[in-house]
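The values are calculated or read from the model by the stated rules, or taken from the named source; none is laboratory data. Quick caveat: nothing in here was measured; it's all calculated off a predicted structure. Backbone-built Cβ (ideal geometry, glycine too); neighbour counts: all protein chains shown. Keep in mind that these areas ignore ligands, DNA and RNA; they rest on the heavy atoms of the full protein, side chains included. Shrake-Rupley method; radii C 1.70, N 1.55, O 1.52, S 1.80 Å.
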Amino acid sequence: MKKNLILLHCIILAGLIGTVSVSCSNDNDVNISDDDSKETVATDMNTRQDYDSISVDFSLLNVEGQAVTTFKEGEQIIFRLTVTNTTEKVIYQSPKSIVGEDMFQVFSNGNIIGRPWDFLEIWGLPICFAPHKDYVYKCPWQGQVIDSEKENYEDFPVPSSGVVFIKKQDRQPLPVGSYYTEFKFILNEENVITCHKDFCIIAK
C-alpha cells in the first residue's frame, strides 16, 4: 500500500522536477561540484551546508544523539547523512545515486578499515523529496545485526530515504587512533557532493 501511494505521488507530481543549483560551501565536511574541476574548498567546521535548493548534513553521533568527532574506545559511532529539500517543489532522486559502496566508509592512514553495513535494500522507485522535509540515511558502527535466516528483508519498514542498511556481521570496536570517513554521491545526475569527517578514538 505504501509503495502504491508513493508511486502515485511521483506520477502526479512528475511535472514538478526540481533542480539543484550550487552556491559556495563554507564547510570542510561537505563539498559540492558540478564537474571535476569545480569542487568547492571548505573553510570551517559547520556540518550542515545549504546549496540554494538542498541542504546536506553529514554527522557522526554518539548514543545520546550528539554530533561529535571524539569517541571513547568501545563507544558507539552512528553515521548520519541528512538531505533536505529547501524549495517549494518536489525533487526526484534515485536512492542508488546517493547510496554507493563507499557510503560511510572508514579509513585510517589512507587504508580502508571498513563500513558499518554489508548490503542494502533499496526501492527501485525514485525518492520524491518533498518540500522542506528531511531524508535521513543512518547506520551505527556496532549492533543492529540482522539474522538472514529468520528475517524477510521485504517486510522491513522502509524509511523515507528509500534505503535499509543490512548488517549480517557485527563490527569490532575501532581501536584507539585517528580515522576519517569519506564518500561521494550525486544529486540530479550533475552535482557531486563529497562528505568527509575526521574523528578519533581515545582510551577510556
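Key figures for this structure:
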item	result
Flag for residue 150 being open to solvent by 60 Å² or more (accessible area, probe 1.4 Å), at pLDDT 90 or above and closer than 23 Å to residue 171 by Cα	no
Residues of region 134-147 that turn out to be surrounded by fewer than 16 Cβ atoms within 10 Å (Cβ to Cβ) and modelled with pLDDT under 80, as a count	3
Condition met for residue 77 (at pLDDT below 95 and open to solvent by less than 30 Å² (accessible area, probe 1.4 Å))	no
Matching residues in region 79-108 - criterion: being over 13 Å from residue 161 (Cβ atoms) and of a type in the set (Val, Ile, Thr)	86, 87, 90, 91, 106
Residues being touching a Leu at 6+ places or on another chain (Cβ under 7 Å), under 24 Å from residue 200 (Cα atoms), in a strand (DSSP E or B) and in contact (Cβ under 8 Å) with a residue 60 or more places away in the chain - total across region 56-94	3
Qualifying positions in region 160-204 - of a type in the set (A, V, I, L, M), assigned to a strand (DSSP E or B) and in contact with a Ser or Thr (Cβ under 9 Å, 6 or more places away or on another chain)	166, 186, 187, 192, 193, 201, 202
Candidate set: region 95-133, residues that are modelled with pLDDT of 90 or more and in a strand (DSSP E or B); chosen: the one least open to solvent (accessible area, probe 1.4 Å)	106
Region 166-204 - residue that is more than 16 Å from residue 106 (Cα to Cα) and in contact with a Phe, Trp or Tyr (Cβ under 9 Å, 6 or more places away or on another chain) and, of those, modelled with the lowest pLDDT	188
